[in-house]
Each structure stands twice: as structure tokens, then as C-alpha cells.
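These notes are about the structure you will find just below.
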Amino acid sequence: MSTAVANPSWLQRNKMTVTPLMFLLPGVLFFLVYVINPIIQSFNISLYEWDGLGTATYIGLGNYTELFDDRAFEISLWNNLKWLALYLLAIPAGLLIALFLNQNVVGIRIYKSLFFFPFVISQVVVGLVFSWFYLPREGLLNAVITLFGFEPINVLGDPTMATYGIIAAGLWPQTAYCMILYLTGLNAVDPEQIEAGRLDGAKGIRMLWHIILPQLRPATFIAFVVTIIGALRSFDLISVMTNGGPFGTTRVLSFYMFEKALSEYGFRMGYGSAIAVVLFLIMLVFIGYFLWSMYREERAARR
């Protein structure tokens, strides 16, 4: 017994280091197998011409070269940029709603339930609801427009408007998600700092900008990352509402990748993988930038 105490094993000496690593190990293995491995495979497949069944032919960067001359890819890329720019409106909208719902007023639980509702329903359901909302004759939007004397519009049938109509549909649940993040963050705001700000004369926008928003940085970071990922992988709403039409004007990279790799007109696995790699790199640039910004802020705070 005394010998065991005097000469502890390596595991006993490093118990504080090994224990958390053992808890992390299953998650790390799943991440490597189901995230990192498919990413590496996508990079590899993008170097081949392959229909998914027969023999793959190595063509190097041929698929990427073809992307530069592909008009459909260009339209999909520009649509993704539109999604990125307009989808970010969900963050300030979610913040404003969270600030409103954080008040102690009569019936606030009902308001919270109404704003929370879009987050819990499926994106497919959201797409169907907005498809009915945009109907040229029977839709609620045109019923309101004609009530004020305007001509009805076909939002999803107009190549210049369809993409913006789908983005508006996507903003509905995305705003609800950002609202939930900010409501959680507002519960962690230090009341002493708010009281000190009031004593110093801060109120309204000054209170929000200098005291509340700095404490909401973690929630803002998550909102940015999730919103950017949601904008770049916007597939389901497009599939339900327009299926890429009219005339392919609402395609985004994720939908075009599906068309080329898996649809009945595609089965070009290598070309679809090349589109997936481009989408992954765009996403990686944005998320890497925000991670680096958070890292710099944490280092500055420690100093």
C-alpha cells in the first residue's frame, strides 16, 4: 500500500490532464470521421471526372477551370453574396426584438411565444407558407397590395425579385434565432454596470452602445457565425419555393452543387465537389476572420 502511494502510476500523476481529454475523445473522433474526413474526400473527388458509379478519371484542376466559364456558377455565386449581405439584417433585427422582449410588461410571454414560433418550425414549412403568401392572385401579399390600389405582383415568378423574396422568407426564422441568442445574453448582462452607466448619465443609444453591446459580444459572435453559415447553405427554401427558377436565377452554390452532382440532369460528382470546395472556402474565410477577431479581443482584454 505504501509503495503504491510513494510511486503513483503515470495515469494517477496526470489524472487532471487525462480526464478532460477522455471526455473530449468521443466528440473529437466523431468530428474527424464525419466532418474532417468528408471535407478531405470532397477535395479529392473535385480533382476527378466521375459520375458516382464508373471509373473516375483524374483531371487535376479541370473542374475548377470550368467554373470560371460557367454562367450558372457565376449567378449562383452572386446570389450567395446577396444572401450574405441581406441575411445579416437578422442580427440587428433580432437584437431589437430581444431588447423589446426583455422588458417587464403585461403579456410579454405571449409576445415571446409569437416571436419564438418561427424558430421551431421546419424550413420546408417556412418555404411553403411564404410560397402561399406570394401567390399572384390568392396570396396575402397581393391581397394587401391590391387593397391599396396597386397591381398584383408575381414575386417568385419575376427573375429580378424571386431571390429577394426567398431571402425575406429566410430572414423570418433567422431573426427569431438571433433574438433567442440575444435574450440569453441579456440575462447575463451585469446590472451593476447598467446602474453605474445611469449614474454617469448614459441612457438610450449611449447605454446600448457603451455598456450593453460590449457584454453581448459572445452572443453577437455566435449570431454572425450561424447567420453566415445559414446564408451560404441556403438550399431548402430555394428547393421548396422555386427549385432554382425562374430560369435558374435563384440558384445558390449549394443548390447548384446538388443539381450538378445528384439531380437527374447531373451526376457530375467531381464538378459538384469543386463547387462544394469553393463554398467551403468562402465559409472558412468568414468564420476564420471572426475567430481571429475574437482571439485578438481576448488577448487585448488579458493585457
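Computed from the coordinates by the stated procedures, all read-outs in this text should not be read as laboratory data. These numbers were taken from a predicted model, which means no experiment stands behind them. For neighbour counting, all protein chains shown are included, and Cβ atoms are generated from backbone atoms with ideal geometry for every residue, glycine included.
Okay, here's what the table says:
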item	result
Integer Hz, Karplus 6.51/-1.76/1.60 couplings in order for the range 173-182, x for Gly and Pro	x, 5, 4, 5, 5, 5, 4, 5, 4, 6
Stokes-Einstein D (µm²/s) once Rh is taken as the Kirkwood radius of the range 221-303 over alpha-carbon pairs, at 25 °C in 0.890 mPa s	169
Estimated [θ] at 222 nm from DSSP helical runs (n ≥ 4, -39500 (n - 2.57)) normalised by residues in the chain, nearest 500	-21000 deg cm²/dmol
Whole-Hz couplings from phi, Karplus 6.51/-1.76/1.60, listed for the range 17-32; x for Gly and Pro	8, 6, 4, x, 5, 5, 5, 7, 4, x, x, 5, 5, 4, 5, 5
Rounded FRET efficiency, nearest 0.05, which uses the C-beta distance separating Thr65 from Asn154 and R0 of 45 Å	0.75
Proximal aspartates and glutamates to Lys203, defined as alpha-carbon separation beneath 15 angstrom and excluding residues fewer than eight positions away on the same chain	Glu192, Glu195
Average projection area in nm² (convex hull over Cα atoms of the chain, one quarter of hull surface)	27.2
Distant-in-sequence amide H partners of Asp158 (H built 1.01 Å from N, under 5 Å)	none
Charge dipole (the chain, unit charges on Cβ, about Cα centre) - positive-most of Leu86, Ile145, Val106	Val106
Hz values of 3J(HN,Hα) by residue in the range 222-233 - Karplus curve (6.51, -1.76, 1.60), Gly and Pro given as x	5, 4, 5, 4, 5, 5, 5, 4, x, 5, 7, 10
Dipole in debye (nearest 20) - the range 69-302, about Cα centre, beta carbon charges: Lys, Arg +1; Asp, Glu -1	380
Straight-distance crosslink candidates among lysines, where the alpha carbon sits under 27 Å from Lys82 and sequence neighbours closer than 8 are dropped	Lys260
